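Everything below concerns the one structure shown next.
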Amino acid sequence: MTGAYIVGEGNDGTGKSTQIDLLASYIKEQYDLEVLVLHEPDGCPISSEIRKIIKNGSLERDATTNLLLFTASRHETWFRDAIPVLERGGVVLSARNELSSEVYQGVAEGLGVEFVRNVTKMFMDEHYMNPELTVVFTLDDEVRRARIAARGELTNPDTFESRDGKFQADLNRGYKDIAAERNLPTIDASRPIDDIQQEFRELTTKVLIEKGLAKA
């Protein structure tokens, strides 16, 4: 595929969705490229319906079910929507990908990172498993929780945001460890939005140039 797949990762409240949306506007304006924005586990209609189940913390289920729900959602949106864009030389920007499941289900829910990755590989292709760029956004836990609280009350408890302090600490540790092990770039999300975006753009532009989608 000639297009580029770029992912923004991190715990809830780190601002990755905002940064992905800002980056999409920049790429369209600066390079006149086709851009598809994904916010996993949302996407095509069936993925959106699966998301409702995932986000509803009132529905009890185990870690394996969570993994399978996320995988089903990813599978549908990737093969229906993302691959055609990549084949046309466009850019797919995603807030989250399977790295979230490695951290949430693999580390915090105890399934194991390799197990999660192996299950995902069964249903996703090589490009999905290996984005051109994955950036992990990091943020102090107190600030992160304050941002989440500012969103207001939810009709149903969120499946993951409402989990206890140990769960959240496991998530933060999981992201830190995996980013270090795989040499993934991290961005401090405590800074002004424009500063964060500038760093994200610089990393992305390098990828687009290397793929021949932009000029230096």
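Some points to look at:
- Here's how it looks for residue 39: its modeled amide H is under 5 Å from those of 95, which are all 5 or more places away or on a different chain.
- Excluding exposed DSSP-loop trypsin sites (Lys or Arg not before Pro) (at most 16 other C-beta within 10 Å), longest clean stretch of the chain: 89-150
- In degrees, nearest ten, helix 16-31 long axis to first principal axis of the chain (Cα): 10
- Leading residue at positive end of dipole, the range 81-120 (Cβ point charges), from 120, 106, 92: 92
- Between residue 87 and residue 140, the FRET efficiency from the beta-carbon distance, with R0 = 41 Å, is close to 0.50.
- Gap separating the Cα centres of the range 1-58 and the range 70-139, nearest whole Å: 11
- The residue among 203, 146, 189 whose Cα reaches farthest toward the positive pole of the charge dipole of the chain, with charges on the beta-carbon of Lys, Arg, Asp and Glu, is 203.
- Highest-fluctuation residue, 38, 67, 203 considered, GNM on the chain with Cα pairs under 10 Å: 203
- Per-residue [θ]222 nm for the chain (sum of -39500 (n - 2.57) over DSSP H runs n ≥ 4, rounded to 500): -15500 deg cm²/dmol
- Extending 7 Å from the Cα toward the beta-carbon at both residue 48 and residue 216 defines two label points whose distance is 4.3 nm.
- Charge dipole magnitude, Cβ of K and R +1, D and E -1 - the range 4-210, Cα centre, debye nearest 20: 260
- For the chain, the longest principal axis of the alpha carbon atoms and the long axis of helix 63-77 meet at an angle near 30°.
- Looking at the chain alone, DSSP beta bridges between its own residues are antiparallel in about 5 percent of cases.
- Residue of 59, 99, 111 that the Gaussian network model of the chain assigns the largest fluctuation, springs spanning Cα pairs under 10 Å: 59
- Paramagnetic label zone (point 7 Å from Cα along Cα-to-C-beta, residue 203; backbone N under 18 Å) in the range 11-29: 11-27
- The chain: relative contact order in percent, alpha carbon pairs under 8 Å with at least 6 residues between: 32
- Taking the number of Cβ atoms within 10 Å of each Cβ as an exposure proxy, the fewest-first ranking of 128, 5 is 128, 5.
- Legend: P(r) of the chain from all alpha carbon pair distances, 10 Å bins from 0, whole percents, reading 8, 34, 39, 17, 2, 0.
- Whichever lysines have a C-alpha closer than 18 Å to that of residue 176, once near sequence neighbours (fewer than 8 apart) are set aside: 16, 166
- The residue among 179, 214, 134 whose Cα reaches farthest toward the positive pole of the charge dipole of the chain, with charges on the beta-carbon of Lys, Arg, Asp and Glu, is 214.
- Helix 45-55 vs. the chain, principal-axis angle (Cα, 0 to 90°, nearest 10): 40
- Summarising the label geometry, the points placed 7 Å from Cα in the beta-carbon direction at residue 181 and residue 64 lie 2.2 nm from one another.
- Length gained when the stretch residue 149-residue 37 is fully extended (0.36 nm per residue, less Cα-Cα span): 37.8 nm
Every number in this text was worked out from the coordinates using simple rules, so none of it is lab data. This is a predicted model, so every value here is computed, not measured. In this analysis, Cβ positions are derived from the backbone assuming ideal geometry, glycine residues included, and neighbour counts consider all displayed protein chains.
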